[in-house]
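The structure under discussion appears below in the form of structure tokens.
The values are calculated or read from the model by the stated rules, or taken from the named source; none is laboratory data. Keep in mind it's a predicted model, so treat the numbers as computed, not measured. A quick note on method: Cβ atoms are made from the backbone with ideal geometry, for glycine too, and the neighbour counts reach across all protein chains shown. For accessibility, only protein heavy atoms count, side chains too; no ligands or nucleic acids. Shrake-Rupley method; radii C 1.70, N 1.55, O 1.52, S 1.80 Å.
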Amino acid sequence: MTVDESSTYERSRERLGEFHIEMWEHTLEEAQRIRDERREDGWEAEFVMAAHTDTVTRDMKDHDRFGLMHIIPANYQDAFTGMYDEEAFTEYLAYGNAVNGIMYVVIDLIDPERERSLLIPCEYDMTMADGMVSNAMEEGALYSYFKKIDGTILGRFRYEEFGPLVTPPNR
């Protein structure tokens with residue numbers, strides 16, 4: 001681990017506590033386990049980590065996007081763009097928990113026709129998500145945007161049923 005990685009890890013540990021670090025590690029392991037199970041069942045499956053996920057509202061930026069904004073690190077972008085097709089991936093499953101307002105979720109985007117699965121572990125703060133949830137309720141859908149660190153959008157997914165992604169946090 002580099003000095004910068006070590007410092008970031010230590011700051012996260014101090015802010016969220018050891019339990020939150022363990023929850024994130026469990027989320028990553030769960031995504032990899034599900035990927036392996038899908039592959040054993042003959043599916044094409046990829047693990048693509050979201051390095052950071054924000055809850056975004058329409059009024060936060062000079063655009064009308066709202067939902068979950070996932071930053072995909074450079075070392076996962078080829079896997080994401082090589083598999084993801086907004087037209088083909090029409091279903092999703094979500095696995096996870098809310099702990100102290102933080103959602104730890106594995107989003108499983110599914111292409112049922114070609115038996116493909118894209119597993120994206122992420123964590124986001126639901127205590128700051130009231131505006132996003134309001135936007136989703138007005139729209140009747142929630143979105144995930146997958147982007148590079150420079151803001152370039154790699155893909156978008158529309159969730160018609162978004163309850164599992166906005167479970168009320170433990171308060």
Fluctuation leader among THR81, THR55, THR27 - the chain, Gaussian network, Cα springs under 10 angstrom
THR81
For the chain, give me the percentage of DSSP beta bridges that are antiparallel, rounded to the nearest 5 percent.
80 percent
Considering only C-alpha atoms, what is the centroid distance from segment 103-150 to segment 32-95, in Å?
7 Å
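With a 1.4 Å probe and every protein chain kept in, tell me what percent of the accessible surface of segment 16-171 is carbon plus sulfur. Intermediate results must be reported in sequence, preceding the final value.
Numbers: 3570 of 7930 Å².
Whole-percent figure for carbon plus sulfur exposure: 45.
If you keep only loop residues by DSSP, which trypsin sites (Lys or Arg not before Pro) in segment 40-109 have at most 14 other Cβ atoms within 10 Å of their Cβ? Mind showing how you got there, number by number?
Details: sites: ARG58, LYS61, ARG65; in loops: LYS61, ARG65.
Sparse-neighbourhood loop trypsin sites (Lys or Arg not before Pro): LYS61.
For the chain, what is the calculated [θ] at 222 nm in deg cm²/dmol (nearest 500), taking -39500 (n - 2.57) for each run of four or more DSSP H residues and dividing by its residue count? Please list the in-between numbers first.
Values: 4 runs with 57 residues, N = 171.
Computed mean residue ellipticity for the chain: -11000 deg cm²/dmol.
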To check my understanding: the extent here is largest minus smallest coordinate of the Cα atoms along each principal axis. What are those three numbers for the chain, in Å, largest first?
44, 40, 31
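Ordered by packing density, taken as the mean number of other Cβ atoms within 10 Å over each peptide's residues, highest first, how do 115-123, 86-94 rank? Could the numbers behind the result be given before it?
Numbers: 115-123: 22.2, 86-94: 14.1.
Final packing ranking: 115-123, 86-94.
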Amide H contacts under 5 Å for ALA45, placed H, 5+ residues apart
SER117
